[in-house]
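Q: Below are the structure tokens for one structure; questions will follow.
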């Protein structure tokens, strides 16, 4: 386990091209994945628009840019197919992709952000769907 503090979002952490490469490679894998692909294909109607939105989102998290506008939690909470296994697979593919980019500080921050996002989304989904059940920590 790396004991160094996580890098902070900054323009010198990674380039916009690296963010774009991360998003496009990762979501290319997601679309081809037997588990995740059908879920995404059922809910994403314009992939190019979605990709630009995702680039803005990850640019904000990794570089501190302020282009992203949106409320991703609400959009994901309405997806009936969500299950813990989907979040686990999403994280697995994400970590595989970040490990191939060759930018370790970016990888550390992106992987940490992805784990927090997946964990938060899964907990909120559980609370919205099954409020009387005990929470399972899930991905995070």
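Q: Does residue 77 qualify as being at pLDDT below 80 and over 28 Å from residue 17 (Cβ atoms)?
A: yes
Q: Still on this structure, please answer the following. Across region 7-41, what is the total count of residues that are closer than 20 Å to residue 91 by Cα and out of contact with any helix residue (DSSP H, G or I) (no Cβ under 8 Å at 6 or more places or on another chain)?
A: Count: 5.
The values are calculated or read from the model by the stated rules, or taken from the named source; none is laboratory data. Owing to the predicted nature of the structure, the values given are computational and were not obtained by experimental measurement. Positions of Cβ are backbone-derived with ideal geometry, glycine not excepted, and every protein chain shown enters the neighbour counts.
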